[in-house]
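Presented below is the structure to which this report refers.
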Amino acid sequence: LTSTGAGSPPAFEALPASGLYVKTATATISSTVSQVVLSNCFTSSYLKYLVFVNGLRPSNVNEDLYYIPLNSSNQSSAEHAFALKQYTYSNSADNLSSDNVNHVKLWTSTGTGTSKDIHGTLNVFNPLSGGSKHSYTYLFQGFKQSNGAGFLVGGGRTSSTQTYPSFRLEMSGTTMYGGTITVYGITNP
């Protein structure tokens, strides 16, 4: 239903052909890499984005997975702040936060090996808006080396209105060797 103005009944209209989510980028990790860069995946066509990380396989234990926003020169900036809470099946919970860093932690203290992949979603708001701050929320599931399977929820934002058309994912110390990252623009209402 869409509005046809005050005092007028709403009209029934078809959804746009492109749907609610429009894929803007995808990357498949099929060999050992130190990082994955998705260049210009955030465009002025959308205000909000949804990033899916599926089956990411870290090469080493006790690493962190980083989301690093990149400006138009593919450079990062130490202006990000985030807070997260990570829960594991052994009833342990970690609270982490950081300010004025160039990255956002999406997972901490990785496990590695069979069935210890990382999966999750990252919601990105206003990555190209010069008038608003870039912000994000996320929910990830994986295997924490010291405590087993669990999930992590977090969020944060930038301290300036700098634009970020690209991002990279990387492990804090070494490499990753599998997984898929897909970015979708969310059709503006």
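The values are calculated or read from the model by the stated rules, or taken from the named source; none is laboratory data. A quick note: this is a predicted structure, and the numbers were derived from the prediction, not measured. Here Cβ is always computed from backbone atoms with ideal geometry, including for glycine, and neighbour counts include all displayed protein chains. Heavy atoms of the whole protein, side chains included, go into the accessibility calculation; ligands, DNA and RNA do not. Shrake-Rupley method; radii C 1.70, N 1.55, O 1.52, S 1.80 Å.
Determine whether Leu139 is crowded, with 21+ Cβ neighbours inside 10 Å, more than 19 Å from Val37 (Cα to Cα) and modelled with pLDDT of 85 or more. Full working, then the answer.
Details: crowded, with 21+ Cβ neighbours inside 10 Å: no; more than 19 Å from Val37 (Cα to Cα): yes; modelled with pLDDT of 85 or more: yes.
The answer is no for Leu139.
Which residues, counting only those in the stretch 109-145, are in contact with a Ser or Thr (Cβ under 6 Å, 6 or more places away or on another chain) and in contact (Cβ under 8 Å) with a residue 60 or more places away in the chain?
Scanning the stretch 109-145 gives Asn123, Phe125, Asn126, Leu128, His134, Gln145.
Report whether or not Lys116 is among the basic types (Lys, Arg), modelled with pLDDT under 95, more than 14 Å from the chain's Cα centre (by Cα) and on the phi < 0 side of the Ramachandran plot.
Details: among the basic types (Lys, Arg): yes; modelled with pLDDT under 95: yes; more than 14 Å from the chain's Cα centre (by Cα): yes; on the phi < 0 side of the Ramachandran plot: yes.
Spelling it out, Lys116 is indeed among the basic types (Lys, Arg), modelled with pLDDT under 95, more than 14 Å from the chain's Cα centre (by Cα) and on the phi < 0 side of the Ramachandran plot.
Could you please find all residues in the stretch 173-189 being buried (at least 17 other Cβ atoms within 10 Å of the Cβ) and either outside any strand (DSSP E or B) or free of Cβ contacts under 8 Å to residues at least 60 places away in the same chain (or both)?
Thr175, Gly178
Residue by residue, here is whether (1) under 16 Å from the mean Cα position of the chain (by Cα); (2) within 24 Å of Thr88 (Cβ to Cβ) holds:
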{"site": "Gln145", "(1), (2)": "no, yes"}
{"site": "Val153", "(1), (2)": "yes, yes"}
{"site": "Arg168", "(1), (2)": "yes, no"}
{"site": "Met171", "(1), (2)": "yes, yes"}
{"site": "Thr182", "(1), (2)": "yes, no"}
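State all residues of the stretch 36-80 that are open to solvent by 30 Å² or more (accessible area, probe 1.4 Å), at pLDDT 95 or above and part of a strand (DSSP E or B); if no residue qualifies, say none.
Selection gives Val37, Phe52, Asn54, Tyr66.
Pull up the stretch 97-113, narrow it to residues that are at pLDDT below 90 and out of contact with any Phe, Trp or Tyr (no Cβ under 8 Å at 6 or more places or on another chain), then point me to the one that is farthest from Leu139 (Cα to Cα).
Applying the filter and picking the extreme gives Gly113.
Going residue by residue through the stretch 148-157, is there one that turns out to be β-branched (Val, Ile, Thr), open to solvent by 50 Å² or more (accessible area, probe 1.4 Å) and at pLDDT 90 or above?
Taking the stretch 148-157 first, the residues β-branched (Val, Ile, Thr) are 153.
Filter once more, so that each one left must be open to solvent by 50 Å² or more (accessible area, probe 1.4 Å): 153.
From what's left, at pLDDT 90 or above: 153.
Within the stretch 148-157, one or more residues are β-branched (Val, Ile, Thr), open to solvent by 50 Å² or more (accessible area, probe 1.4 Å) and at pLDDT 90 or above.
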